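The values are calculated or read from the model by the stated rules, or taken from the named source; none is laboratory data. Keep in mind that this is a model prediction, so the values were computed, not measured. So basically every Cβ, Gly included, is an ideal-geometry build from the backbone, and we count neighbours across all protein chains shown.
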Amino acid sequence: MNRIKPLRGLSRRVLLAACTGVLALAFSAVPALALWLGDAQLFAQPHERTRQAGALAPTSDDLYLTRILKKSSQQEPTDFYRLTYMGSMSWVANETVQGYLDVLYKANALPEEWWRYCSDHIEQSFVAADRLGFFHYTAYVADTAYTNSEFCYTVGITVEGESQKIVGVWVSVPQELSPSAPHGQAVLEAYCAYLELEAFEDWEDPADTWFAGSALYSARAEVMLFCETGSYPSRSYRGPFVSEGLPTEHFYDRRYFCLHASSVPDDTVRSWQEYARSFPKGADVWGRGGPPAASGETANEAMEEEALG
């Protein structure tokens with residue numbers, strides 16, 4: 001019995017020491033736990049800089065393509081007809097033009113009927129480059145200089161040289177082919193994806209402008225994507241061996257499809273909208289003349305001045 005008491009006393013002292021140690025560890029862990037909880041709370045909340053960076057949306061100055069389109073719009077107008085006149089252009093392989101058509105077709109930005117016809121009617125192709133490095137391709141059917149076949153402008157493509165993005169395409173087919181009209185909205189959305197401009201999330205129809213219903217516009221990108229189909233009187237020629245060695249003109253209707261991207265400042269679009277909204281609702285503001293000039297003149301006045309030179 002005398003031996004049991006010391007053992008009990010020893011056990012009590014060991015247990016007390018162990019409890020004291022556990023309590024000491026627990027109290028020492030409180031500051032660390034508090035710090036950990038504080039860090040967890042901080043990490044769970046986005047940093048102010050993170051919130052600001054996430055809130056920033058891209059602008060027209062952030063992407064190369066939108067910057068070069070803006071720069072192109074700020075240059076003096078290029079004499080497109082002089083630039084794309086065959087005498088000032090260089091020969092290029094038909095496969096080059098065909099390749100660009102294939103790119104648009106695979107991107108769902110060029111309807112199949114138009115792509116198929118033009119793919120089968122590229123016989124001569126030419127290219128010219130402007131000062132900013134935009135390449136302008138044209139393709140024709142046949143050669144009037146040596147044959148009596150018709151000389152038709154079938155394809156026109158503009159490519160930005162650095163990005164190799166197609167920023168404009170114009171194709172034509174015979175009127176009698178009557179290809180179905182493409183779904184403009186679907187084509188424009190596909191074209192936007194092809195140009196890799198989907199980061200701009202403010203694309204919308206430019207209501208109350210000449211482009212309403214046929215375009216998508218982003219104020220942040222300052223880019224107008226435009227799609228249109230229609231008819232036009234084509235003038236073609238026949239060879240010089242007809243009519244005493246002089247080419248004879250021949251007019252006939254053709255159908256066209258065009259798709260292009262251009263830089264347009266947001267304040268310009270808003271000025272068009274303000275102008276249109278100054279008229280009674282339902283008024284045919286634009287008619288067939290397009291947007292008014294910067295001075296605020298009407299579309300008809302702008303057309304009349306252009307006709308007078």
Within the group Val169, Val141, Val187, Val159, which residue is more than 17 Å from the chain's Cα centre (by Cα) and of a type outside the set (Asp, Glu)? Val141
Please specify each residue of the stretch 191-216 satisfying the condition of being within 26 Å of Ser119 (Cα to Cα), small (Gly, Ala, Ser) and surrounded by fewer than 17 Cβ atoms within 10 Å (Cβ to Cβ). Ala193
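Can you name the residue in the stretch 245-279 that is assigned to a loop (DSSP other than H, G, I, E, B) and modelled with pLDDT of 90 or more and, of all such residues, is surrounded by the fewest Cβ atoms within 10 Å (Cβ to Cβ)?
Step one: filter the stretch 245-279 for residues assigned to a loop (DSSP other than H, G, I, E, B), giving 245-248, 264-265, 278-279.
Next, from what is left, pick out any that are modelled with pLDDT of 90 or more: 264-265, 278-279.
Numbers: Val264: 24, Pro265: 14, Ser278: 10, Phe279: 12.
Among those residues, the one meeting the criterion is Ser278.
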Mind listing whichever residues of the stretch 166-197 are assigned to a helix (DSSP H, G or I) and not hydroxyl-bearing (Ser, Thr, Tyr)? Gln175, Glu176, Leu177, Gly184, Gln185, Ala186, Val187, Leu188, Glu189, Ala190, Cys192, Ala193
Check Ala139, Ala109, Ala129 and return the single one that is loosely packed, with under 15 Cβ neighbours inside 10 Å, at pLDDT 85 or above and closer than 30 Å to Lys70 by Cβ. Ala129
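Kindly indicate which of Ser214, Ser178 is in contact with a Lys or Arg (Cβ under 8 Å, 6 or more places away or on another chain), at pLDDT below 95 and among the polar types (S, T, N, Q). Reasoning before the result, please.
Working: Ser214 fails: in contact with a Lys or Arg (Cβ under 8 Å, 6 or more places away or on another chain).
Sole residue among the options that is in contact with a Lys or Arg (Cβ under 8 Å, 6 or more places away or on another chain), at pLDDT below 95 and among the polar types (S, T, N, Q): Ser178.
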Taking the stretch 199-234, which residues are out of contact with any Leu (no Cβ under 9 Å at 6 or more places or on another chain) and under 16 Å from Leu63 (Cβ atoms)? Glu201, Asp202, Ala219, Arg220
What number of residues within the stretch 52-83 satisfy the criterion of being polar (S, T, N, Q) and modelled with pLDDT of 80 or more? 5
